[in-house]
Amino acid sequence: MYNNVIIIGAGGHAKVIADIVRKSGDNLLGFLDDKKEAGTAFFDGFVLGNTDSYREYPDARFIIGIGSNEVRKEIAQKLKGASFYTAIHPTAVIGEGVTIGEGSCVMAKAVINADATVGAHCILNTASVVEHDNLIGDFTHISPGACLAGTVNVGDGCHIGIGATVKNNISICSGVLIGAGAVVVKSIIEPGTYVGVPARKGN
Ligand SMILES: CC(C)(COP(=O)(O)OP(=O)(O)OC[C@H]1O[C@@H](n2cnc3c(N)ncnc32)[C@H](O)[C@@H]1OP(=O)(O)O)[C@@H](O)C(=O)NCCC(=O)NCCS
(Lines give C-alpha, C1' and ligand atoms only; values in the text may rest on other atoms or scores of the structure.)
Protein backbone atom coordinates (compact mmCIF):
# COMPACT_ATOMS: atom_id res chain seq x y z
CA MET A 1 0.00 0.00 0.00
CA TYR A 2 1.49 3.34 -1.03
CA ASN A 3 1.30 6.69 0.79
CA ASN A 4 -0.08 9.89 -0.69
CA VAL A 5 2.62 12.40 0.15
CA ILE A 6 2.72 16.20 0.21
CA ILE A 7 6.01 18.03 0.60
CA ILE A 8 6.03 21.36 2.43
CA GLY A 9 8.38 23.74 0.64
CA ALA A 10 9.29 24.04 -3.00
CA GLY A 11 13.04 24.54 -3.11
CA GLY A 12 16.16 22.45 -3.62
CA HIS A 13 15.75 20.24 -0.55
CA ALA A 14 12.12 19.54 -1.52
CA LYS A 15 13.28 18.26 -4.92
CA VAL A 16 15.57 15.69 -3.30
CA ILE A 17 12.71 14.50 -1.10
CA ALA A 18 10.37 14.32 -4.12
CA ASP A 19 12.87 12.01 -5.75
CA ILE A 20 12.91 9.76 -2.67
CA VAL A 21 9.10 9.65 -2.51
CA ARG A 22 8.93 8.43 -6.11
CA LYS A 23 11.80 5.96 -5.74
CA SER A 24 10.02 4.54 -2.66
CA GLY A 25 6.93 3.77 -4.77
CA ASP A 26 4.79 6.36 -2.98
CA ASN A 27 2.50 8.87 -4.66
CA LEU A 28 3.60 12.51 -4.60
CA LEU A 29 0.48 14.70 -4.63
CA GLY A 30 2.48 17.94 -4.83
CA PHE A 31 4.02 20.76 -2.82
CA LEU A 32 2.73 23.40 -0.39
CA ASP A 33 4.65 26.67 -0.37
CA ASP A 34 3.91 30.07 1.14
CA LYS A 35 5.93 31.94 -1.49
CA LYS A 36 4.70 30.32 -4.71
CA GLU A 37 1.23 30.57 -6.28
CA ALA A 38 -1.01 27.49 -6.30
CA GLY A 39 -0.76 25.85 -9.72
CA THR A 40 2.90 26.81 -10.26
CA ALA A 41 4.84 23.99 -11.88
CA PHE A 42 7.69 22.87 -9.66
CA PHE A 43 10.24 20.12 -10.34
CA ASP A 44 8.12 17.17 -11.52
CA GLY A 45 4.85 18.37 -9.96
CA PHE A 46 2.83 21.39 -8.90
CA VAL A 47 2.35 23.72 -5.98
CA LEU A 48 -1.05 22.84 -4.50
CA GLY A 49 -1.40 25.83 -2.19
CA ASN A 50 0.17 27.46 0.85
CA THR A 51 1.06 25.76 4.13
CA ASP A 52 -2.38 26.42 5.64
CA SER A 53 -4.05 24.36 2.93
CA TYR A 54 -2.68 21.17 4.54
CA ARG A 55 -6.16 20.84 6.11
CA GLU A 56 -7.62 20.11 2.66
CA TYR A 57 -5.66 16.84 2.53
CA PRO A 58 -6.67 14.87 5.64
CA ASP A 59 -5.52 11.55 4.17
CA ALA A 60 -2.12 12.75 3.00
CA ARG A 61 1.16 12.33 4.82
CA PHE A 62 3.40 15.39 5.01
CA ILE A 63 7.11 15.96 5.09
CA ILE A 64 8.75 19.35 5.55
CA GLY A 65 11.27 19.74 2.74
CA ILE A 66 13.02 22.84 4.07
CA GLY A 67 16.67 22.89 5.10
CA SER A 68 16.41 25.42 7.95
CA ASN A 69 15.99 23.63 11.29
CA GLU A 70 14.12 26.62 12.74
CA VAL A 71 11.64 26.80 9.86
CA ARG A 72 11.00 23.04 9.95
CA LYS A 73 10.22 23.33 13.64
CA GLU A 74 7.84 26.29 13.16
CA ILE A 75 5.96 24.48 10.41
CA ALA A 76 5.80 21.16 12.30
CA GLN A 77 4.19 22.99 15.23
CA LYS A 78 1.69 24.64 12.88
CA LEU A 79 0.58 21.40 11.18
CA LYS A 80 -1.61 20.25 14.07
CA GLY A 81 -3.07 16.77 13.61
CA ALA A 82 -1.10 16.14 10.41
CA SER A 83 0.33 12.72 9.76
CA PHE A 84 4.03 12.91 8.85
CA TYR A 85 5.94 10.91 6.26
CA THR A 86 9.46 9.60 6.86
CA ALA A 87 11.50 9.55 3.64
CA ILE A 88 14.22 6.92 3.32
CA HIS A 89 16.12 6.64 0.05
CA PRO A 90 16.32 3.03 -1.19
CA THR A 91 20.14 3.18 -1.16
CA ALA A 92 20.35 4.27 2.49
CA VAL A 93 21.66 1.60 4.86
CA ILE A 94 19.70 1.25 8.08
CA GLY A 95 21.07 -1.09 10.75
CA GLU A 96 19.24 -3.33 13.19
CA GLY A 97 17.63 -1.58 16.12
CA VAL A 98 17.62 1.85 14.45
CA THR A 99 14.66 4.14 15.07
CA ILE A 100 13.90 7.17 12.93
CA GLY A 101 11.38 9.81 14.03
CA GLU A 102 8.41 11.00 12.00
CA GLY A 103 9.02 13.58 9.30
CA SER A 104 12.74 12.83 9.02
CA CYS A 105 14.49 12.14 5.75
CA VAL A 106 17.46 9.90 5.03
CA MET A 107 19.12 10.72 1.73
CA ALA A 108 20.94 8.55 -0.79
CA LYS A 109 23.87 6.48 0.51
CA ALA A 110 23.44 7.64 4.11
CA VAL A 111 24.31 4.99 6.70
CA ILE A 112 22.68 4.71 10.12
CA ASN A 113 24.21 1.89 12.07
CA ALA A 114 22.92 -0.47 14.74
CA ASP A 115 20.88 0.84 17.66
CA ALA A 116 21.12 4.51 16.62
CA THR A 117 18.11 6.70 17.39
CA VAL A 118 17.22 9.63 15.14
CA GLY A 119 14.63 12.19 16.23
CA ALA A 120 11.71 13.73 14.37
CA HIS A 121 12.03 16.10 11.38
CA CYS A 122 15.76 15.49 11.01
CA ILE A 123 17.76 15.54 7.79
CA LEU A 124 20.38 12.84 7.33
CA ASN A 125 21.82 14.18 4.15
CA THR A 126 23.55 12.45 1.25
CA ALA A 127 26.24 9.96 2.28
CA SER A 128 26.25 11.06 5.90
CA VAL A 129 27.29 8.44 8.46
CA VAL A 130 25.57 8.07 11.83
CA GLU A 131 27.34 5.25 13.59
CA HIS A 132 26.06 2.71 16.11
CA ASP A 133 24.35 3.88 19.31
CA ASN A 134 24.13 7.54 18.24
CA LEU A 135 21.32 9.60 19.68
CA ILE A 136 20.24 12.44 17.39
CA GLY A 137 17.67 14.98 18.66
CA ASP A 138 14.71 16.48 16.81
CA PHE A 139 15.07 19.04 13.98
CA THR A 140 18.78 18.31 13.53
CA HIS A 141 20.55 18.29 10.17
CA ILE A 142 23.54 16.06 9.44
CA SER A 143 24.97 17.49 6.19
CA PRO A 144 26.30 15.56 3.19
CA GLY A 145 29.38 13.52 3.97
CA ALA A 146 29.40 14.35 7.68
CA CYS A 147 30.54 11.44 9.81
CA LEU A 148 29.53 10.76 13.42
CA ALA A 149 31.50 7.94 15.05
CA GLY A 150 29.98 5.49 17.55
CA THR A 151 27.98 6.58 20.61
CA VAL A 152 27.73 10.27 19.70
CA ASN A 153 24.84 12.31 21.15
CA VAL A 154 23.62 15.35 19.23
CA GLY A 155 20.90 17.58 20.68
CA ASP A 156 17.89 19.24 19.07
CA GLY A 157 18.15 21.82 16.31
CA CYS A 158 21.81 21.20 15.54
CA HIS A 159 23.46 21.48 12.15
CA ILE A 160 26.52 19.32 11.54
CA GLY A 161 28.18 20.92 8.48
CA ILE A 162 29.17 19.29 5.26
CA GLY A 163 32.09 16.88 5.64
CA ALA A 164 32.42 17.44 9.38
CA THR A 165 33.68 14.62 11.61
CA VAL A 166 32.69 13.89 15.21
CA LYS A 167 34.86 11.56 17.30
CA ASN A 168 33.26 8.65 19.16
CA ASN A 169 31.67 9.10 22.62
CA ILE A 170 31.14 12.86 22.12
CA SER A 171 28.05 14.84 23.20
CA ILE A 172 26.94 17.97 21.39
CA CYS A 173 24.25 20.01 23.13
CA SER A 174 21.18 21.48 21.41
CA GLY A 175 21.53 24.56 19.21
CA VAL A 176 25.04 23.90 17.90
CA LEU A 177 26.26 24.57 14.37
CA ILE A 178 29.39 22.65 13.37
CA GLY A 179 31.09 24.33 10.39
CA ALA A 180 31.92 22.61 7.13
CA GLY A 181 34.91 20.29 7.48
CA ALA A 182 35.30 20.72 11.25
CA VAL A 183 36.56 17.90 13.46
CA VAL A 184 34.90 17.69 16.88
CA VAL A 185 37.14 15.95 19.43
CA LYS A 186 35.63 17.23 22.70
CA SER A 187 32.05 17.39 23.91
CA ILE A 188 30.26 20.70 23.34
CA ILE A 189 28.11 22.01 26.18
CA GLU A 190 27.34 25.56 24.97
CA PRO A 191 25.17 26.40 21.95
CA GLY A 192 26.95 28.30 19.17
CA THR A 193 29.05 27.88 16.04
CA TYR A 194 32.18 25.74 16.11
CA VAL A 195 34.70 25.54 13.25
CA GLY A 196 38.10 24.15 12.40
CA VAL A 197 40.33 21.22 13.29
CA PRO A 198 39.97 20.66 16.17
CA ALA A 199 36.62 22.47 16.32
CA ARG A 200 36.58 25.64 18.42
CA LYS A 201 33.82 28.15 19.17
CA GLY A 202 33.60 30.94 16.55
CA ASN A 203 32.09 34.41 17.03
C1 LIG B 1 30.67 28.13 9.84
C2 LIG B 1 29.72 28.92 8.95
C3 LIG B 1 28.29 28.78 9.47
C4 LIG B 1 30.14 30.37 8.97
O5 LIG B 1 29.34 31.09 8.10
P6 LIG B 1 29.37 32.71 8.17
O7 LIG B 1 28.91 33.14 9.54
O8 LIG B 1 28.60 33.21 6.99
O9 LIG B 1 30.89 33.05 8.11
P10 LIG B 1 31.79 33.68 6.92
O11 LIG B 1 31.64 32.90 5.65
O12 LIG B 1 31.51 35.14 6.89
O13 LIG B 1 33.25 33.43 7.48
C14 LIG B 1 33.73 34.06 8.68
C15 LIG B 1 35.11 33.55 8.95
O16 LIG B 1 35.05 32.17 9.33
C17 LIG B 1 35.83 31.37 8.41
N18 LIG B 1 35.05 30.14 8.19
C19 LIG B 1 33.81 30.04 7.68
N20 LIG B 1 33.44 28.76 7.64
C21 LIG B 1 34.46 28.05 8.13
C22 LIG B 1 34.65 26.66 8.32
N23 LIG B 1 33.69 25.78 8.02
N24 LIG B 1 35.81 26.25 8.85
C25 LIG B 1 36.79 27.15 9.17
N26 LIG B 1 36.65 28.48 9.00
C27 LIG B 1 35.49 28.91 8.48
C28 LIG B 1 35.95 32.20 7.14
O29 LIG B 1 37.09 31.85 6.41
C30 LIG B 1 36.04 33.59 7.73
O31 LIG B 1 37.34 33.80 8.22
P32 LIG B 1 38.04 35.27 8.15
O33 LIG B 1 37.19 36.17 9.01
O34 LIG B 1 39.41 35.01 8.72
O35 LIG B 1 38.03 35.64 6.70
C36 LIG B 1 29.74 28.36 7.48
O37 LIG B 1 30.88 28.78 6.77
C38 LIG B 1 29.63 26.86 7.41
O39 LIG B 1 30.61 26.12 7.48
N40 LIG B 1 28.36 26.40 7.23
C41 LIG B 1 28.03 25.02 7.02
C42 LIG B 1 27.48 24.90 5.60
C43 LIG B 1 27.03 23.51 5.29
O44 LIG B 1 27.46 22.53 5.85
N45 LIG B 1 26.11 23.42 4.35
C46 LIG B 1 25.56 22.14 3.96
C47 LIG B 1 24.16 22.33 3.56
S48 LIG B 1 23.48 20.85 2.97
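Run the numbers on the chain and let me know its relative contact order in percent, using alpha-carbon pairs under 8 Å that are six or more apart.
Values: 602 pairs, mean separation 22.8, N = 203.
11 percent.
With a 1.4 Å probe and all protein chains kept in place, how do 121, 13 rank by accessible area, largest first?
Numbers: 121 10, 13 35 Å².
Solvent-accessible surface, decreasing: 13, 121.
To the nearest whole percent, what portion of all C-alpha pairs in the chain is separated by more than 32 angstrom? Each step should come with its number before you reach the end.
Numbers: 3332 of 20503 pairs.
For the chain, the fraction of Cα-Cα distances above 32 Å is 16 percent.
When the chain is fully extended, how far beyond the present Cα-Cα distance does residue 23 get from residue 193, taking 0.36 nm per residue of separation?
Numbers: separation 170, 0.36 × 170 = 61.20 nm, distance 3.54 nm.
Result for the pair: 57.7 nm of gain on full extension.
Between their Cα atoms, which of 167/201; 73/201; 73/109 are more than 19 Å away from each other? Mind showing how you got there, number by number?
Working: 167/201 17 Å; 73/201 25 Å; 73/109 25 Å.
73/201; 73/109, as the Cα separations exceed 19 Å there.
Based on the inverse mean of 1/r over its pairs of different Cα atoms, what is the Kirkwood hydrodynamic radius of segment 88-193, in Å?
That comes to 12.8 Å for segment 88-193.
Stokes-Einstein diffusion coefficient for segment 4-58 at 4 °C in a medium of 1.567 mPa s, Rh from the Kirkwood formula over Cα pairs: what value in µm²/s?
Working: Rh = 11.0 Å.
Calculated translational D: 118 µm²/s.
Ordered by residue, what ³J(HN,Hα) values in Hz, to whole numbers, does segment 95-107 give under the Karplus form 6.51 cos²θ - 1.76 cosθ + 1.60, where θ = phi - 60° and Gly and Pro are x?
x, 4, x, 7, 10, 10, x, 5, x, 7, 10, 10, 7
Nearest 10 degrees is fine. How inclined is helix 12-23 to the longest principal axis of the chain, computing both from alpha carbons?
Roughly 70 degrees between the two axes.
The values are calculated or read from the model by the stated rules, or taken from the named source; none is laboratory data. As the structure is a computational prediction, the values presented were derived from the model and not from experiment. Side chains included, ligands, DNA and RNA excluded: accessible areas come from the protein's heavy atoms. Shrake-Rupley method; radii C 1.70, N 1.55, O 1.52, S 1.80 Å.
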